[in-house]
Structure formats: C-alpha cells, structure tokens
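Asks: Before we start, here is the structure in question, set down as structure tokens.
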C-alpha cells in the first residue's frame, strides 16, 4: 500500500508510504494520491486534507528509476504525474502539508499548491532540476518566485542547495517550524479548527483564492513541459542519471 488514508472528524490524512524509497513518487503513488484527492474533493464529510510522509522523508521526489526507464517524454507526461498536478492545482478544499523530513523535487514543488506548510525542525528542501540536467515542474517557475521571490528561487534552482526549515519560514514558503515529535499534533490542531467550518464556504473561498493565479500556473506548466521535453534524455540528463546509478558525482565539464 503506497498511500495510507485515515479520516477523523472531517479531516483526511494522506501518508505517502514508500519509506524504503524515501517516499519517492512512482506512477502508483501519483495515481493513489490523485484518486484520494479527487474523492476528498467531492466527499461532503471531508473538510480539509493533510499530506505527510512515512519515515524519515516527506518525499525524495520523482522515482529516478522511472525517469530512466526508457519511456518517452510524451508517455511520461501522460502518466500519473500530469493527473496529479492537475488535481493538486485545482484542489477545492484546504490542503495542509506536514513536511516530516526531506522534500526533494516534487516533494518541494507541491508545497506552494498547499494552503499551509508545517515543517519539522529537521526537514530540508531541495530543487535538483538543474543538477539533473532538466527543468522545473508543477508550475514552480511561477509559484516559487511568487511565493519566495525571484532571487531565492534562482538560488534553489541554480545551486541545488538545501533549504532548511528556518529559511523556508523566513522566505514565506512554510507557515511554521515545529519540533519533529510535535509536527502532526500541530497540524491536527489547525486542521481541527478548519474542519468545523462549513464545507461549502471553505470551497467557495478556496475557489476565489485559486482564481487569481490558476491561469498563470497553467501557463507556467505549459512552458515547463516544453522545456523539460527539450532537456530530458539529453547529454546532461543522461550523465546525471548515470552518476546517480553509479553512486558518483556527475561530471558536466564536457557537456
């Protein structure tokens, strides 16, 4: 079971459950989260959704085994990733991320789609796209500059440095830092406050918040898809994947 689902007092918790892979997203996980979000969107007994990870990671991002599996870009974009992003960017109810450990790639870029982001003190985030020889995803080329500013986004993208929880809060990406052992309790407290509100009013107000940015997110995703297609499978991307598989530093000096 790649996703655990639990409901309590109109709060649904989705726990990414591939701890052996640091909760990296493969098609099965994309599809499971998408299905649960879609069900949550239409379930009148669910007012708010919490997303977290099992074990020591929130999500290590895209499963690189699938990135290197020989499928074309068109096949990959028609897979679980695209449905997941489309569902995430239009999700009509409050969504809270409980970042319990590392968040890499999609484990970072899904966060600006959330209404609240709580980070454990030990949690860290990374955008490894340039270091993998590819480009940004999930509308992050719009959402991250809009959320944390152009310079902070450029640093994340161009250096692939880690962002710690304090920096994430200071730049506006995260709502709060919480001691690791208290993360879910803090998130549940907020979720409980939201869950007693009328669902119709929550949905109506979330729709208003989404309306001001949805076109820009979709335009950014369209640009990202074209750019990613131009880069994936290229020399830098092949070297990055080979280095990952061979457990060595990538060498882009001759590319």
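Asks: Taking the criterion of being closer than 29 Å to residue 40 by Cβ, surrounded by fewer than 17 Cβ atoms within 10 Å (Cβ to Cβ) and in contact with a helix residue (DSSP H, G or I) (Cβ under 6 Å, 6 or more places away or on another chain), would at least one residue in the stretch 164-179 satisfy it?
Replies: yes
Asks: Separate question: Do you know which residues across the stretch 206-218 are surrounded by fewer than 13 Cβ atoms within 10 Å (Cβ to Cβ) and assigned to a helix (DSSP H, G or I)?
Replies: First, the residues of the stretch 206-218 that are surrounded by fewer than 13 Cβ atoms within 10 Å (Cβ to Cβ): 207-209, 211-212, 215.
Hits for the stretch 206-218 are 207, 208, 209, 211, 215.
Asks: Of the conditions (1) in a loop (DSSP other than H, G, I, E, B); (2) loosely packed, with under 15 Cβ neighbours inside 10 Å; (3) touching a strand residue (DSSP E or B) at 6+ places or on another chain (Cβ under 7 Å), residue 197 fails just one. Which one is it?
Replies: (3)
Asks: For the stretch 113-131, give me the residue count where each residue is closer than 20 Å to residue 82 by Cα, in contact (Cβ under 8 Å) with a residue 40 or more places away in the chain and surrounded by 24 or more Cβ atoms within 10 Å (Cβ to Cβ). Give the derivation first.
Replies: We begin by selecting, within the stretch 113-131, every residue closer than 20 Å to residue 82 by Cα; these are 113-114, 127-129.
Next cut, in contact (Cβ under 8 Å) with a residue 40 or more places away in the chain only: 114, 128.
When the remaining residues are screened for being surrounded by 24 or more Cβ atoms within 10 Å (Cβ to Cβ), the result is none.
Result for the stretch 113-131: 0.
Asks: If I go through the stretch 87-125 residue by residue, how many of them are over 10 Å from the mean Cα position of the chain (by Cα) and not in a strand (DSSP E or B)?
Replies: 13
Asks: Can you name the residue in the stretch 82-112 that is touching a strand residue (DSSP E or B) at 6+ places or on another chain (Cβ under 7 Å) and more than 24 Å from residue 228 (Cβ to Cβ) and is also surrounded by the most Cβ atoms within 10 Å (Cβ to Cβ) among such residues?
Replies: By that ranking, first place goes to 99.
Asks: Can you tell which of 166, 146, 138, 181 is outside any loop (DSSP other than H, G, I, E, B) and in contact (Cβ under 8 Å) with a residue 60 or more places away in the chain?
Replies: 146
Asks: Given the residues 165, 189, 160, 181, which is the only one that is over 23 Å from residue 224 (Cα atoms) and either touching a strand residue (DSSP E or B) at 6+ places or on another chain (Cβ under 8 Å) or modelled with pLDDT under 95 (or both)?
Replies: 165
The values are calculated or read from the model by the stated rules, or taken from the named source; none is laboratory data. Remember, predicted model here, so these are calculated numbers, not experimental data. Please note: Cβ atoms are built from the backbone with ideal geometry, for glycine as well, and neighbour counts cover all protein chains shown.
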